[in-house]
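Contents: one structure, followed by commentary.
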Amino acid sequence: HGDISTKKSFSNVEKEEVKRDKKQRSKKAQVSISIQGKSGTILSTFSMPFHQGETPFNLLISVAKSKHIHIEYKGSGATSYVVGIANLYAMDHGNQSGWMYRVNGVFSNVSSGSYRICPGDKVEWLYTCDSGKDVGATFR
C-alpha cells in the first residue's frame, strides 16, 4: 500500500508542475498596454495575448477596439501615426503635443507600426505637451 500512496503523491506533484509550466508559458505569451492622457489614466495596465509580429501600433488598435476607446490614426506599418486617443489629439495642447509610446520604459525613435514587441513587453502610450520632455523622453 505504501507504493500506491507514493505513486499518488508523485502524480499530484507532476500535475502541479504541469499546471505551473502552463501558467508560466501563458504569462510569457502576454504583453501589457496602458494609456496615459494629459490629465490622467485612459487605460490602466491591461494584459493581452502576444502575437508574433505585434507592434505597439497594432496592440493599441486591438485594445482600443476591445475596450471601446476612440482612436484616430493615419497610415500603416512604418508610416503609422496616432492622431488621437479618447478624443485627445496631437496639437490639442500646443504644437509640441501628441502621442508617444515606450516599451519597457524606453522610448523609441522607430515608428510604432514597425517596432516589433516581444512576449512579456510592457507598452505604454503617453500624451506629451512638450515633445516628450514632460513624460521623461530623451533623444540624442
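Descriptive notes on the structure:
- Evaluated against (1) over 28 Å from Ala29 (Cβ atoms); (2) surrounded by fewer than 16 Cβ atoms within 10 Å (Cβ to Cβ); (3) modelled with pLDDT of 95 or more, Ser97 falls short on exactly one condition, (2).
- Residue check for Asn109: open to solvent by 60 Å² or more (accessible area, probe 1.4 Å), over 16 Å from Lys38 (Cβ atoms) and not hydrophobic (A, V, I, L, M, F, W, C): yes
- Members of the stretch 117-137 found to be among the charged types (D, E, K, R) and over 9 Å from the mean Cα position of the chain (by Cα), listed by number: Asp130, Lys133, Asp134
- Filtered residue count, the stretch 62-82, keeping only those that are in contact (Cβ under 8 Å) with a residue 12 or more places away in the chain, assigned to a strand (DSSP E or B) and surrounded by fewer than 16 Cβ atoms within 10 Å (Cβ to Cβ): 1
- The set of residues from the stretch 88-107 being within 20 Å of the chain's Cα centre (by Cα), under 24 Å from Ser66 (Cβ atoms) and part of a loop (DSSP other than H, G, I, E, B) comprises just one member, Asn104.
- Residue match in the stretch 52-60 (condition: open to solvent by 20 Å² or more (accessible area, probe 1.4 Å), under 25 Å from Gly136 (Cα atoms) and assigned to a strand (DSSP E or B)): no
The values are calculated or read from the model by the stated rules, or taken from the named source; none is laboratory data. Only a predicted model underlies this, so the values are computations on that prediction, with no experimental measurement involved. Here Cβ is always computed from backbone atoms with ideal geometry, including for glycine, and neighbour counts include all displayed protein chains. Side chains are part of the model used for accessible areas, which takes the heavy atoms of the whole protein and leaves out ligands, DNA and RNA. Shrake-Rupley method; radii C 1.70, N 1.55, O 1.52, S 1.80 Å.
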